[in-house]
Ligand code: 0GY
């Protein structure tokens, strides 16, 4: 067994920005606890436990009210760790699952009962062995009746080849981390232009304006990220979500300070109205539509 990774900051700062009441951290994960919920044999990284208690303590520390927990690839299609965290949240967490193509309808319904509201299709070769588009489309058609959406994770270099697949998805789509553009190209660079073309192709494609730590090689204060992403938030205010990405899967050399990440929010969403949409209105519409 490989050495366990600690990918999160041990002592995140108190953010300089106070999120509005009811703010949602709409992209985070849990790892384990492994004694109860072992990692998948196909996992590509082996982190230490980062369970619900830690996640909810961080949520309080950062001034957020709710979490959307995205099933991490190290847990494969066994969603028990995510469901366990949701069950312990007193209704303050919902989730996005990763499922096998042959999952039974009853299991999908059980996931819905457990607070799952979407499925994730991951196309990153370093995280998953295969990404069968035909099977994913079958899943997308099946989850439509549950009112769920699809979360897709890919990198900018395959955006064009993803287009027919994305076009065929019948539900609302959320693209993780804007499809990982090269933010050093700036707001009008080729990657951002291509991503905007994708957003313009359908009104029901949303995105997470997340992960400055992954996208901005220069690091804090993430000025390339801010420069490239702020115009996107301003131009698509009703289709953006924000999240910490805690516990930052795979991050080993740079452990992002979550307080610092929250401090980036007012730079990409400079008005109260934009902050309210990004942190409350948009995620609530998608994950707690009944509220
Ligand atoms: C993210 C990013 C990554 C990992 C995962 O499920 C995962 O393992 O999502 C990554 O390594 O880029 O969104 O957490």
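Taken together, the values in this text are just the output of simple stated rules run on the coordinates, not laboratory data. Remember, predicted model here, so these are calculated numbers, not experimental data. Positions of Cβ are backbone-derived with ideal geometry, glycine not excepted, and every protein chain shown enters the neighbour counts.
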Requested in this report: Please compute P(r) over all alpha-carbon pairs of region 144-220, binned at 5 Å starting from zero, and give each bin as a whole-number percent.
Outcome: 3, 15, 26, 26, 15, 8, 4, 2, 0
Requested in this report: Pairs of Cα atoms under 8 Å, at least six residues apart: use those to get the relative contact order of the chain, whole percent.
Outcome: 23 percent
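Considering only DSSP beta bridges with both partners in region 1-148, what is the antiparallel share in %, to the nearest 5? Please list the in-between numbers first.
Details: 1 of 12 bridges.
Around 10 percent antiparallel, to the nearest 5.
On average over all directions, what projected area in square nanometres does the chain have, based on the convex hull of its Cα atoms?
Working: hull surface 55.0 nm².
One quarter of the hull surface, i.e. the mean projection, equals 13.7 nm².
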Report task. Specify whether the C-alpha gyration tensor of region 182-291 places it in the rounded, prolate or oblate class, a ≥ b ≥ c being the square roots of the eigenvalues: rounded for a/c under 1.5, otherwise prolate if a/b is larger than b/c and oblate if not. Result -> oblate
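Would you kindly state how much longer the chain becomes between residue 142 and residue 46 on full extension, computed as 0.36 nm times their sequence separation minus their alpha carbon distance, in nm to one decimal? Numbers along the way, then the final one.
Details: separation 96, 0.36 × 96 = 34.56 nm, distance 3.14 nm.
So the extension gain works out to 31.4 nm.
For an R0 of 51 angstrom, estimate the FRET efficiency from the Cβ-Cβ distance between residue 158 and residue 273 and round to the nearest 0.05. Before the final figure, lay out each step's value.
Working: r = 34 Å, r/R0 = 0.67.
Calculated transfer efficiency: 0.90.
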Query raised in the report: Distance from the Cα centre of region 254-284 to that of region 48-93, in angstrom?
Result: 19 Å
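If packing is taken as the average number of other Cβ atoms within 10 Å across a peptide's residues, how do 163-173, 244-254 rank, most packed first? Please list the in-between numbers first.
Numbers: 163-173: 16.1, 244-254: 19.5.
In decreasing order of mean packing, 163-173, 244-254 become 244-254, 163-173.
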Report summary line: Distance in Å, no decimals, from the C-alpha centre of region 188-213 to the one of region 1-42 is 25 Å
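Show me the three semi-axes of the equivalent ellipsoid for region 98-233, from the C-alpha gyration tensor (sqrt of 5 times each eigenvalue), largest first, rounded to whole Å.
On the way: eigenvalues 167, 45, 39 Å².
So the equivalent ellipsoid measures 29, 15, 14 Å along its semi-axes.
So how do 128-139, 12-23, 80-91 stack up, highest first, on mean other-Cβ count within 10 Å?
On the way: 128-139: 14.3, 12-23: 16.2, 80-91: 18.5.
Taking the mean over residues of other Cβ atoms within 10 Å, the ranking is 80-91, 12-23, 128-139.
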Query raised in the report: Roughly what % antiparallel, to the nearest 5, for the DSSP beta bridges in the chain?
Result: 5 percent
Report task. Can you tell me how much longer the chain between residue 106 and residue 17 gets when fully stretched, taken as 0.36 nm per residue apart minus their C-alpha distance, in nm with one decimal? Result -> 27.8 nm
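Can you bin region 4-89 into rounded, prolate or oblate? Criterion: square roots of the alpha carbon gyration tensor eigenvalues sorted a ≥ b ≥ c, rounded for a/c under 1.5, prolate for a/b above b/c, oblate for the rest. If you can, show how the numbers build up before the last one.
Working: a/c = 2.40, a/b = 1.70, b/c = 1.41.
The shape class here is prolate.
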Report summary line: Once both label points are put 7 Å beyond Cα along the C-beta direction, the residue 190-residue 3 separation in nm becomes 3.8 nm
Query raised in the report: When Rg is the radius of gyration of the Cα atoms in region 213-270 and Rh is its Kirkwood radius, what does Rg/Rh come to?
Result: 0.96
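So what is the 222 nm mean residue ellipticity for the chain from helices alone, if each DSSP H run of at least 4 adds -39500 (n - 2.57) and you divide by all residues, rounding to the nearest 500 deg cm²/dmol?
Values: 12 runs with 99 residues, N = 291.
Value at 222 nm, helices only: -9500 deg cm²/dmol.
For region 84-235, calculate the relative contact order in percent as a whole number, restricting contacts to Cα pairs under 8 Å that are 6 or more residues apart.
On the way: 210 pairs, mean separation 25.7, N = 152.
Relative CO of region 84-235 lands at 17 percent.
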Query raised in the report: region 75-115: percent of C-alpha pairs farther apart than 16 Å?
Result: 30 percent
